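K.L.:
Quick one: this structure, given as structure tokens, is what I'll be asking you about.
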Amino acid sequence: MGTAGNRDTTTLIKDTFLQAIDSLNNDYKGSSLTDIFITVDKESGEVTFYDDEENKVADIVVFNWVDKMDELGDSEVISVLRDVSKQLDDEDKFDILDIYKPFSVNYSDENFIVVEELLLINEDSIVKFDEGMMEKFDRQFDDFLDKLLKE
């Protein structure tokens, strides 16, 4: 399995993760999403995504990972899953979700025991403001001050 195999695996997992995000955006039944769990069955090659209430939201069979009980180490799985999680975060894909921070993406075993935290989105992450929003905020603040001073 060369780098092409890894790239295909990453793409497959990323596409499935996007389906999971989409599913969570449309159908999440919980109150606020704090975690996404990802499990990998190294016998069947199945990569499964769950919400924090242990509901399956997406899954895929990664053929490169079928019957890899012995040679596929957790570190390799973690590396691929972390790459994908980071790419999605960099592309702001988690922004559509109603997440409760700290929010984490976890690689876990079939009992939802976390093996590795892949991504953590904390409260103190950088908030992105666009120019128009700041100008509007400035105007509203100025209007508010004017009204206050007139009274």
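The values are calculated or read from the model by the stated rules, or taken from the named source; none is laboratory data. Note that the structure is a prediction, hence the values are computed from the model and not measured. Using ideal geometry, Cβ is built from the backbone for each residue, glycine included, and neighbour counts are taken over all protein chains shown.
K.L.:
Go through (1) modelled with pLDDT under 90; (2) over 19 Å from F103 (Cα atoms); (3) charged (D, E, K, R) and name the single condition D15 misses.
P.N.:
(1)
K.L.:
Among the numbered criteria (1) farther than 17 Å from L120 by Cβ; (2) in contact with a Phe, Trp or Tyr (Cβ under 6 Å, 6 or more places away or on another chain); (3) not charged (D, E, K, R), which one does F37 miss?
P.N.:
(1)
K.L.:
Across region 93-115, what is the total count of residues that are among the aliphatic types (A, V, I, L, M) and part of a strand (DSSP E or B)?
P.N.:
4
K.L.:
Condition first: in a strand (DSSP E or B) and in contact with a helix residue (DSSP H, G or I) (Cβ under 6 Å, 6 or more places away or on another chain). Now tell me which residues in region 48-70 satisfy that.
P.N.:
F49, V57, A58, I60
K.L.:
Within the group S75, S44, which residue is part of a loop (DSSP other than H, G, I, E, B), on the phi < 0 side of the Ramachandran plot and small (G, A, S)?
P.N.:
Working: S75 fails: part of a loop (DSSP other than H, G, I, E, B).
Of S75, S44, the one residue that is part of a loop (DSSP other than H, G, I, E, B), on the phi < 0 side of the Ramachandran plot and small (G, A, S) is S44.
K.L.:
When you go through (1) within 17 Å of N111 (Cα to Cα); (2) among the acidic types (D, E); (3) surrounded by 15 or more Cβ atoms within 10 Å (Cβ to Cβ) one by one for E76, which number turns out not to apply?
P.N.:
Going through (1) within 17 Å of N111 (Cα to Cα); (2) among the acidic types (D, E); (3) surrounded by 15 or more Cβ atoms within 10 Å (Cβ to Cβ) one by one, E76 breaks only (1).
K.L.:
Looking at (1) touching a Phe, Trp or Tyr at 6+ places or on another chain (Cβ under 8 Å); (2) surrounded by fewer than 17 Cβ atoms within 10 Å (Cβ to Cβ), which is the only condition F103 fails?
P.N.:
(2)
K.L.:
So which of L118, L88 is in a strand (DSSP E or B), at pLDDT 90 or above and within 22 Å of the chain's Cα centre (by Cα)?
P.N.:
Going through L118, L88 in turn, just one is in a strand (DSSP E or B), at pLDDT 90 or above and within 22 Å of the chain's Cα centre (by Cα): L118.
K.L.:
Hey, among the residues in region 23-39 that are in contact with a helix residue (DSSP H, G or I) (Cβ under 8 Å, 6 or more places away or on another chain) and at pLDDT below 95, which one's farthest from V57 (Cα to Cα)?
P.N.:
L33
K.L.:
Could you please tell me which pairs satisfy a Cβ distance under 6 Å, a separation of 6+ or placement on different chains, a first residue in region 87-116 that is under 18 Å from I21 (Cβ atoms), and a second residue that is of a type in the set (G, A, S) and surrounded by fewer than 17 Cβ atoms within 10 Å (Cβ to Cβ)?
P.N.:
Y100/S32
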